[in-house]
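One structure is given below, encoded as structure tokens.
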Amino acid sequence: MIDPYYLQQLAIGLSLGMTYALMAIGFTLIFGVLNVVNFAHGEIYTLGAFAGLVLISAVAPPIVAVIFGALAVGALAGFSLERLAFKPFRRFTDEASLKSRAMRESTLLSSLAVSIVVREALEILFGSEMRSLPFDYLINTPVRIGPVILVTGDFIIFGVAAAMLIGLQYLLTRTRIGLAIRAVSNNPLGAKYVGIDTDRTIITTFVVGSMMGAAAGILMGLYYGAIFPAMGFVPGIKAFVAMVMGGLSSIPGAVVCALILGVAESMATTFVSSGWSDMVAYAFLILTLIFFPNGLFGARRERV
Amino acid sequence: MTKGAATMTVRLRTLSTLAAVLATTAIAGSALAADTVKLGYQLPLTGDTAQYGQDFRKAAEIALAEFNAAGKPFKVEIVFEDSRSDAKEGTNIARKFVDDKAIVGVLGDFTSGVSMAAAQVYKEAGLPQLSQTASHPDYAKISKYQFRNIATQAQEGPYNAKWMAAKGFKNIAVIAEQTDWGQSVVGGFSDAVKANGGAVAFSEFFNRGLKDYRSLISKIERAKPDAIYTGFFYEDGAQFLRQLQQLGVKTPVYSTSAAYSPKLIELAGDAAEGVHLTSNFLPTDPAPHIQHFVDEWKARSGGAVPGQFPAQAYDAVRIMLAAVEKASPNPTREKVRDALAQTKDFPGVTGKTTFNADREAEKELVKVEVKGGAFVPVAD
């Protein structure tokens with residue numbers, strides 16, 4: 001018989017991993033699959049959470065409506081983000097610019113700039129302190145399964161993450177838009193030459209990815225019961241690590257790695273001080289980069 | 001009227017306005033030079049801890065407005081600088097304040113770490129520094145220019161240890177955030193527990209801003225403590241208490257005055273019930289000066305009740321202002337320091353404050369328990 005303590009830690013780790021996975025899915029779609037350097041995903045997540053907060057305090061709709069509201073805000077935010085931080089760098093259509101790494105990587109700074117502006121704006125508007133959500137909305141009622149205690153949110157997050165994962169896999173592998181996303185990611189110039197509307201494809205990816213980010217934000221807000229402007233930073237880092245470990249372009253890879261990360265962190269707390277458990281993520285990142293430069297699940301791919 | 005004449009009138013008007021503005025500025029300028037004393041306040045106004053710094057600024061503005069409206073022979077101006085709770089930034093601000101010869105005293109910073117980093121600069125320059133919250137034991141030891149308006153963990157730890165021993169808790173788990181302050185919480189408390197014949201069953205640090213305490217809670221529970229003593233602020237505290245409730249843990253929780261904020265109850269809801277902590281500010285105290293501060297605060301915060309930190313900041317600013325007044329006319333940094341050191345029985349909202357020979361504020365602590373969604377003073 002396994003010590004119930006370890007079962008509980010395993011359950012906590014899986015639930016922690018699911019929360020990372022929730023964030024990692026949208027992040028990987030934009031950053032990894034579309035192959036666009038985007039550091040503003042954490043703020044999309046925060047915006048989704050604040051949209052939910054505003055909706056709840058204004059009209060107190062049912063929880064499903066709150067999530068749809070957050071999705072709408074996410075779609076709008078994704079569209080605006082692309083317009084502000086990414087589109088300007090695609091205005092040169094000559095071959096040299098399209099092939100230029102500098103041009104592609106300059107969005108690292110422009111997306112970071114957008115993220116800082118959004119975060120500071122939220123601080124000015126809402127204040128930087130944690131805000132609570134009404135307790136009726138929270139998804140953290142304890143659920144006991146044998147020796148293990150989880151909360152309702154764990155199941156909801158699992159369901160949502162699974163739906164996102166399956167939906168995206170279907171979108172990417174079975175639909176024309178998915179084909180277009182993969183084509184643009186593989187070779188933007190080639191995609192343009194064969195008649196793919198690259199602008200539209202990129203915008204669609206941002207909208208879909210950001211909707212997922214915003215939904216993750218409000219779900220996590222309801223799960224932990226607190227919302228604040230800097231809330232997107234830590235999940236952003238964890239999602240980034242999961243994505244790199246998973247091999248950048250693989251969404252299932254990122255999800256599996258997010259779970260590994262969560263379990264490793266909660267198990268690590270048993271053996272080392274909790275203050276050190278954040279080290280686990282960085283240690284994994286470094287080990288992956290040294291021993292598996294293509295990630296644990298990454299398919300080899302030619303980088304332009 | 002011809003077009004030329006119209007332009008002319010406009011020009012004349014502009015000129016006369018300009019002259020008027022210039023004259024006013026000149027007068028204001030000379031007035032500023034003659035009767036204005038400058039203080040610096042370094043505090044986090046952006047970043048992770050901005051909520052605290054913004055509260056301090058609000059408290060300082062209340063204290064300053066009262067002082068300037070009281071018809072004193074001079075006015076005081078406070079220069080606020082944003083340190084983002086970053087030690088490097090804090091040191092830069094300290095250099096800036098030191099270079100401004102008009103500044104005779106400095107308030108802040110928020111965290112012990114940043115206050116201590118900046119203190120090195122103030123020590124060299126001989127500029128008095130009064131922090132409303134830096135409670136690390138080493139802070140006031142840096143030089144004769146460092147003062148604080150908060151009970152240190154060296155004072156609060158033994159007080160709480162005695163309280164818990166009196167309640168019959170022998171085996172105690174201690175957790176605190178991984179900061180200079182958190183270490184002083186664990187240090188100050190653990191030694192006193194052992195001195196009282198108790199045992200520290202478990203002791204661990206967590207990173208500030210941790211989201212998920214469930215792993216840590218399971219680990220604490222495995223050590224089977226009688227009670228948990230915690231060194232955290234209200235955000236971390238609320239998360240911890242809620243997850244404690246989720247996991248069905250009933251072990252009593254004790255904490256320091258740092259967690260004493262109405263936001264703790266707002267964020268944790270009924271999970272905060274039964275938490276014991278110490279405080280030196282009670283917004284429900286009917287004393288007129290306390291109610292005056294609470295009313296002023298509510299008027300500027302949409303009806304919210306102030307926590308302990310803003311109250312400490314309000315008192316710190318008023319103590320500094322009183323010292324400046326005592327050192328005037330022509331206050332210098334040295335005179336302000338000496339006046340601060342002489343502060344005795346200052347009647348603040350956080351109790352009477354006296355700086356002892358080590359420039360520590362001797363505070364009276366009150367025992368508080370969360371009951372029915374409010375902080376209620378308790379006798380034992």
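Out of all the residues in segment B:181-207, which are surrounded by 21 or more Cβ atoms within 10 Å (Cβ to Cβ) and not hydrophobic (A, V, I, L, M, F, W, C)?
B:Gly182, B:Ser184, B:Gly188
Taking segment A:125-146 as the search range and keeping residues that are of a type in the set (D, E, K, R) and either buried (at least 18 other Cβ atoms within 10 Å of the Cβ) or in contact (Cβ under 8 Å) with a residue 12 or more places away in the chain (or both), which one is nearest to A:Val255 (Cα to Cα)?
A:Arg131
Quick check on segment B:265-284. Is at least one of its residues assigned to a loop (DSSP other than H, G, I, E, B), over 22 Å from B:Ile150 (Cα atoms) and out of contact with any strand residue (DSSP E or B) (no Cβ under 7 Å at 6 or more places or on another chain)?
no
Determine if segment A:153-174 includes at least one residue that is small (Gly, Ala, Ser) and at positive phi. Give the steps one after another, and end with the answer.
Taking segment A:153-174 and keeping what is small (Gly, Ala, Ser), we get A:153, A:159, A:161-163, A:167.
Narrowing further to those that are at positive phi: none.
No, because not a single residue in segment A:153-174 is small (Gly, Ala, Ser) and at positive phi.
Out of everything in segment B:186-219 that is part of a strand (DSSP E or B) and among the hydrophobic types (A, V, I, L, M, F, W, C), what residue ends up being nearest to B:Pro137 (Cα to Cα)?
Once the filter is applied, the top-ranked residue is B:Phe205.
Would segment A:223-237 turn up any residue that is in a helix (DSSP H, G or I), in contact with a His (Cβ under 7 Å, 6 or more places away or on another chain) and modelled with pLDDT of 90 or more?
The answer is yes, given that some residue of segment A:223-237 is in a helix (DSSP H, G or I), in contact with a His (Cβ under 7 Å, 6 or more places away or on another chain) and modelled with pLDDT of 90 or more.
Do any helices (runs of 4 or more DSSP H) entirely within segment B:1-118 hold 3 or more residues that are modelled with pLDDT of 90 or more and surrounded by fewer than 19 Cβ atoms within 10 Å (Cβ to Cβ), and if so, which?
Here the list reads B:50-69, B:87-99.
Report whether or not A:Ile149 is buried (at least 18 other Cβ atoms within 10 Å of the Cβ), at the interface with another protein chain (Cβ under 10 Å from one of its Cβ atoms) and out of contact with any Asp or Glu (no Cβ under 9 Å at 6 or more places or on another chain).
On the way: buried (at least 18 other Cβ atoms within 10 Å of the Cβ): yes; at the interface with another protein chain (Cβ under 10 Å from one of its Cβ atoms): yes; out of contact with any Asp or Glu (no Cβ under 9 Å at 6 or more places or on another chain): yes.
For A:Ile149, the condition - buried (at least 18 other Cβ atoms within 10 Å of the Cβ), at the interface with another protein chain (Cβ under 10 Å from one of its Cβ atoms) and out of contact with any Asp or Glu (no Cβ under 9 Å at 6 or more places or on another chain) - is met.
Residues that are closer than 25 Å to A:Ala226 by Cα, within 19 Å of the chain's Cα centre (by Cα) and buried (at least 24 other Cβ atoms within 10 Å of the Cβ): does segment B:238-256 have at least one?
Yes, the conditions are met somewhere in segment B:238-256.
Identify all residues within segment B:349-380 that are farther than 27 Å from B:Ala271 by Cα and surrounded by fewer than 18 Cβ atoms within 10 Å (Cβ to Cβ); write none if there are none.
Across segment B:349-380, the qualifying residues are B:Lys352, B:Thr354, B:Asn356, B:Ala357, B:Asp358, B:Glu362, B:Glu364.
Right, A:Gly167: surrounded by 15 or more Cβ atoms within 10 Å (Cβ to Cβ) and either more than 11 Å from chain B (Cβ to nearest Cβ) or touching a residue at least 12 places away in the same chain (Cβ under 8 Å) (or both) or not?
When the stated conditions are applied, A:Gly167 does not pass them.
Considering only segment A:104-124, state which residues are surrounded by fewer than 15 Cβ atoms within 10 Å (Cβ to Cβ) and either of a type in the set (Ser, Thr, Tyr) or over 24 Å from the mean Cα position of the chain (by Cα) (or both).
Once the filter is applied, which keeps residues that are surrounded by fewer than 15 Cβ atoms within 10 Å (Cβ to Cβ) and either of a type in the set (Ser, Thr, Tyr) or over 24 Å from the mean Cα position of the chain (by Cα) (or both), segment A:104-124 yields only A:Ile124.
The values are calculated or read from the model by the stated rules, or taken from the named source; none is laboratory data. As the structure is a prediction and not an experimental result, all values here were calculated from the model. In this analysis, Cβ positions are derived from the backbone assuming ideal geometry, glycine residues included, and neighbour counts consider all displayed protein chains.
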